[in-house]
Amino acid sequence: MAIGRGQLFRSFREGLLKNAPPTEGRGPTGKENSRLCEKITGFSPGTQSVEPPTLPQKKKRKKKAAKATVPCQPVVPLPRVPTKSIGHAGKPAECTPNHIERMPPEILLKILSYLDALSLFSIGFINKRFYEMAHNNGMWHKMYSAEYGHSMKWRPKRLDEVLDKLSTVVVQERPEGYWRRLYFRTMAGFNETKWRKELKDINPFTGLPSQTERILRSQRVTWEITVSDKWGLEGTFEQSRAYFSDSSVTVCWSSGRWPSFHQLSTLQLDGVKRQALSSPNINKPGWRSLMAKFDRDTISKSGQVIGRDQLVTLVLFSPSIVIGVWRGRWSIAFVMASFHYHRLVERSLLGTSMCPYSMPENKPPFDDADPDSGLHGYTLRIILHNTVTQIMAGHFSQLYCSKSQVHGGFIQLNVINRGSLSQHTPLSGRISLPWKCEALEGTVENCCMMSLTLMDEYQNPFWCVSTPVSMALNNKEPSNDYEGQHFLIKYQDAEGKVRMDLVWLEEQRQYFLINLVVFIATAKVNKHFGRAY
């Protein structure tokens, strides 16, 4: 028995000598091994005795009874496991196999189907494979149906099976990402069915939806401008003020540090639907709908000065956008835009951040019995206003054009004739455009906003314009019926043009509109009515 214990300790000692770690870069010496073995096993390697070492026992406590102690077993150091790491030569460690990449797509889709909408949206940014799976129409359709679907009613089992098959066909026919986009639009408050019904309430006097302003306010729609300079620096500016009229809205941006006008590279206009958050300090998220984007060439070539005062110069470079720049420095002071109500809700909400809303064509029924279709039955609603008050509003119906007046590529509609004094219309104020920025404000004379709505014989909007206009002195065509200074307001785009003649009566201290002519492009009339004028 004693000999067996001696052989056991001797074998244990030899194993310790073999696996003992080196100290300070050199192997252990014989004496060090002997001391190590003596410390662990309790006897010297040279000793031939096989008796086990006598272990010290614990001291007895005074207050407690003495108990027999169990001798401690020797602590055996575990051998070190070599690990692979990056060495000095820069060799990377061996990568473990990616079991997720080796999974079948059906299993991954099943796993992803248990995620919520936010997690599923975030996982699409991992790699290309997860991006494609995170846009799966089947998962988002189930999520949309469970969250925003109609309440389930009792139906026969066979009818449920037929409807499930039909819904599967509908899901597969939709483009990739359709149900994902619809889910987030619905979550953001896009109840299109509700406000589309409200847009059907048409004002017969203007031919436009009567609830446009209320819908825009209830949907928390704002407009933002994003500009970038020639160095690539980009900045986004939120609207400062908005002025609503019965057919248009005027929006101003005046806060923030704008780049110089000559350094503008791009200018982008977006409609943004904001979300109501409990904390006002948090940046509110929202849905962006691209409305217009202008590059450097468009800004530099189409810029036209329409007015100035002692501080700013107004530069019109788009049919609806005017930029106020400080005189002498050409740094931007403010930006002002006028939006017509026609399809404004759809343009502000239904576009994307990359593509604007595509307006559908609304063609009237073709009339073979009327040889002059497209030349009569027009109704005009025109308003001159600024950011403070309405200057003039006129409603004119039963406008027509004879075939002899179709020339130069335009159809001429005489709204107010110069020789008919009963048609001359007084203006309720001066032609001016007030402006305001963070620290200063002023008024540019002989400038204002013009909102024009031309309806066809079916009372559908045919040509809609909302733009800043300027008034210039015109002494070449004086009127024999009035003594005073004559002025001219002109506007033209690809679809038509407008000419307005005004006279200033010093005694009444008032402007009178004595001539108004609207020209419509013949190509637009032919396309809309299917004619060949």
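Values for this structure:
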{"read-out": "Accessible area expressed per residue, the range 208-350, with surrounding protein chains retained (probe 1.4 Å, Å²)", "value": "45"}
{"read-out": "Phi to ³J(HN,Hα) by Karplus 6.51 cos²θ - 1.76 cosθ + 1.60 over the range 251-259, Hz, x for Gly, Pro", "value": "10, 10, 10, 9, 9, x, 9, 8, x"}
{"read-out": "Long-range amide H partners of G303 with built H, under 5 Å", "value": "none"}
{"read-out": "Out-of-range pairs (alpha-carbon distance over 27 Å; input K142/K194; K293/K403; K200/K527; K293/K497; K230/K497)", "value": "K293/K403; K230/K497"}
{"read-out": "Phi-based couplings in Hz for the range 493-499 (Karplus 6.51, -1.76, 1.60; Gly and Pro marked x)", "value": "9, 6, 9, x, 8, 10, 10"}
{"read-out": "Solvent-accessible area per residue for the range 378-529 (1.4 angstrom probe, square angstrom)", "value": "45"}
{"read-out": "The range 316-410 - charge dipole about Cα centre, Lys and Arg +1 at Cβ, Asp and Glu -1, debye rounded to 20", "value": "660"}
{"read-out": "Two-decimal ratio, the range 378-529, of alpha-carbon radius of gyration to 2.2 N^0.38 Å", "value": "1.10"}
{"read-out": "Anisotropy class of the range 426-503 from Cα gyration tensor, a/c 1.5 cut", "value": "oblate"}
{"read-out": "Amide H contacts under 5 Å for C448, placed H, 5+ residues apart", "value": "V469"}
{"read-out": "Phi to ³J(HN,Hα) by Karplus 6.51 cos²θ - 1.76 cosθ + 1.60 over the range 371-386, Hz, x for Gly, Pro", "value": "x, 9, 5, x, 10, 8, x, 7, 10, 10, 10, 10, 9, 10, 8, 9"}
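The values are calculated or read from the model by the stated rules, or taken from the named source; none is laboratory data. Owing to the predicted nature of the structure, the values given are computational and were not obtained by experimental measurement. Virtual Cβ from ideal backbone geometry, glycine too; neighbours counted across all protein chains shown. Side chains are part of the model used for accessible areas, which takes the heavy atoms of the whole protein and leaves out ligands, DNA and RNA. Shrake-Rupley method; radii C 1.70, N 1.55, O 1.52, S 1.80 Å.
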